[in-house]
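Take a look at the structure set out below.
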Amino acid sequence: MSKPFYVTTAIDYSNGDPHLGHALEKVGADVIARWHRLQGHPVHFVMGMDEHAQKVLQAAEAADTTPQQWVDRMSARFEQAWQVLECSHDDWMRTTQPRHAEGVKALIARIQARHPDAFYEGEYEGLYCVGCEEFKSESQVVDGRCVEHPSRDLVPTRERNTFFRLSAWRDEVLRRITSGELVVAPDIRRNEILRVLEGGLIDISVSRSRLPWGIPFPGTDDQTVYVWFEALMNYVSATGFPEADWESLWPADVHVVGKGITRFHCCIWPAILLAAGLPLPRAVWAHGYVQWDGAKVSKSEGTGVSLADAINRHGPDALRYFLLREIGFTADGDFSFDRFDAVYASELADGVGNLASRVLAMVVKYRDGIVPSGDADPGLSDGIRAAAAHYRQAMDATEFKRALEELGSLVRVANAFITTAAPWTLAKTGDDVALDRALRALSEAVLVIGVMMAPFMPEKSAALLAALGRDGTPAWRDADAPDLGGARVAKPDNLFPKDPPAAA
Ligand SMILES: [Zn+2]
């Protein structure tokens, strides 16, 4: 079997509840995973939790519980949220799991064995952001505050700990990104990273003293591995490293992360892997942020909309669609319920849902639910072919907004075809050949739309495909070469009811 397409999301800090900002990333990564499965590729999709942060300790203390009980509770809450949002992960990685500690120790030992000078003792003094769990450089501080966490105080910190010689790997990391061996996308993020690398990398502190909640740093007796340094390693420890077989998954095909943590994934992480002599991931995809009234949605900053409210508004499929249609997976975008309601009504209820029910009702009415076997009307089937090809290009480029525009344009093309072909007139005048050709083409347009929906709206797609007699796993070949001649179809349930579903 070929190596599975290995896709990861960032692992989230377990100090607060999951929110819409997290949801965009998980849903987008899930769409990537489902897009590959749709094409018949084996996929390994990993999500998880980053559980050793200092702010996790603080949250546990504030809640009067132990850190382990706290992270157990948060892990369950996050995983449940992603299940409701239909995330199809194959593995749930938690950095408090023994397999992660084993992977981290083995990776550090491997670096020490290959490059004895990779780590050294040093003293660090700087401004520490507990929100980011990192020391901030001057360019990351505005008005004495971390740009990512303007509501938190930066903590002046001085300690003696272990450093990683990150500076030694600058040239090689730069070369790998410039050559495209490590793809950083979209372009705006690649350019940012190239500027960071051109400015040079400074060595980083990778251990913490006096912080008992963490993985002991090999070779020290009072230090734990700096949370960011070990969190990055989850992508390798999730493969089972260093046990046999881990290479059947590694390297990752794409790490999906937010734009705020690209330096970790495109500078530090490649340097760790180079020092350990391991292959680099093939790509890092950095998405933008969900904004609410122009501000980043993030619970820690006190702005935001409840994830449960967003899910309950029109159901999980509609939220998945709206996030990637409206905000997209590249730049920042605004979330508002007014816009969500408008897009739901026009694109899903009056668009996809209405087209599907019109077409299938006509097949039931004029042909007893059997799609005619003759040729499809080329006036529509050419448009179907073009839309499928454009959709595929957009999906391969992780351009989800454009892919969903193609879906919407196929809905419009099919509706326009209905108006022109006027099947009810063909039925009245007894033009059976023309009616057969029109119904076959329209049924196949609905089939292709159902397949295009599969990565984004798995449940609605399955319901629509079942109405077309396509049960089970959706397959791209149904969009590439739709063939419904002779198939028995049924009128689907109302896919996108106008009345919002009752709160779950
Ligand atoms: Zn910060």
Restricting to region 154-189, name every residue that is within 16 Å of the ligand (Cβ to nearest atom) and surrounded by 13 or more Cβ atoms within 10 Å (Cβ to Cβ). LEU154, THR157
Looking at ASP478, is it over 26 Å from the mean Cα position of the chain (by Cα) and either assigned to a loop (DSSP other than H, G, I, E, B) or closer than 21 Å to ASP375 by Cα (or both)? no
Here is a check on your reading of the model: is ASP72 surrounded by fewer than 18 Cβ atoms within 10 Å (Cβ to Cβ) and either touching a Ser or Thr at 6+ places or on another chain (Cβ under 7 Å) or at positive phi (or both)? no
Considering only residues of region 138-151 that are in a loop (DSSP other than H, G, I, E, B), in contact with a strand residue (DSSP E or B) (Cβ under 9 Å, 6 or more places away or on another chain) and free of Cβ contacts under 8 Å to residues at least 40 places away in the same chain, which is farthest from the ligand (Cβ to nearest atom)? GLY144
Is there any pair linking a residue in region 105-129 that is more than 13 Å from GLY219 (Cα to Cα) and within 16 Å of the ligand (Cβ to nearest atom) to one that is assigned to a strand (DSSP E or B) and of a type in the set (Phe, Trp, Tyr), with Cβ under 8 Å and at least six apart or on different chains, and which? GLY126/PHE135; LEU127/PHE135; TYR128/PHE135; CYS129/PHE135
Quick check: anything in region 61-73 among the hydrophobic types (A, V, I, L, M, F, W, C), more than 25 Å from the chain's Cα centre (by Cα) and not in a helix (DSSP H, G or I)? yes
Looking at (1) loosely packed, with under 15 Cβ neighbours inside 10 Å; (2) within 19 Å of PHE229 (Cα to Cα), can you tell me which one ARG195 breaks? (2)
Name the single residue, out of those in region 208-249 being part of a strand (DSSP E or B) and among the β-branched types (Val, Ile, Thr), that is nearest to HIS265 (Cα to Cα). VAL225
Which one of the conditions (1) closer than 23 Å to ALA59 by Cβ; (2) outside any helix (DSSP H, G or I); (3) within 27 Å of the chain's Cα centre (by Cα) does GLU159 fail to meet, given that it meets all the rest? (3)
So which pairs qualify, if the first residue must be in region 27-47 and surrounded by 22 or more Cβ atoms within 10 Å (Cβ to Cβ), the second must be of a type outside the set (A, V, I, L, M) and assigned to a helix (DSSP H, G or I), the Cβ gap must be under 6 Å, and the two must be at least 6 apart or on different chains? VAL27/ARG320
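Coordinate-derived values only; no laboratory data. Because the structure is a prediction, the values reported are computed rather than measured. Glycine also receives a Cβ, built like all others from the backbone with ideal geometry; neighbour counts cover every protein chain displayed.
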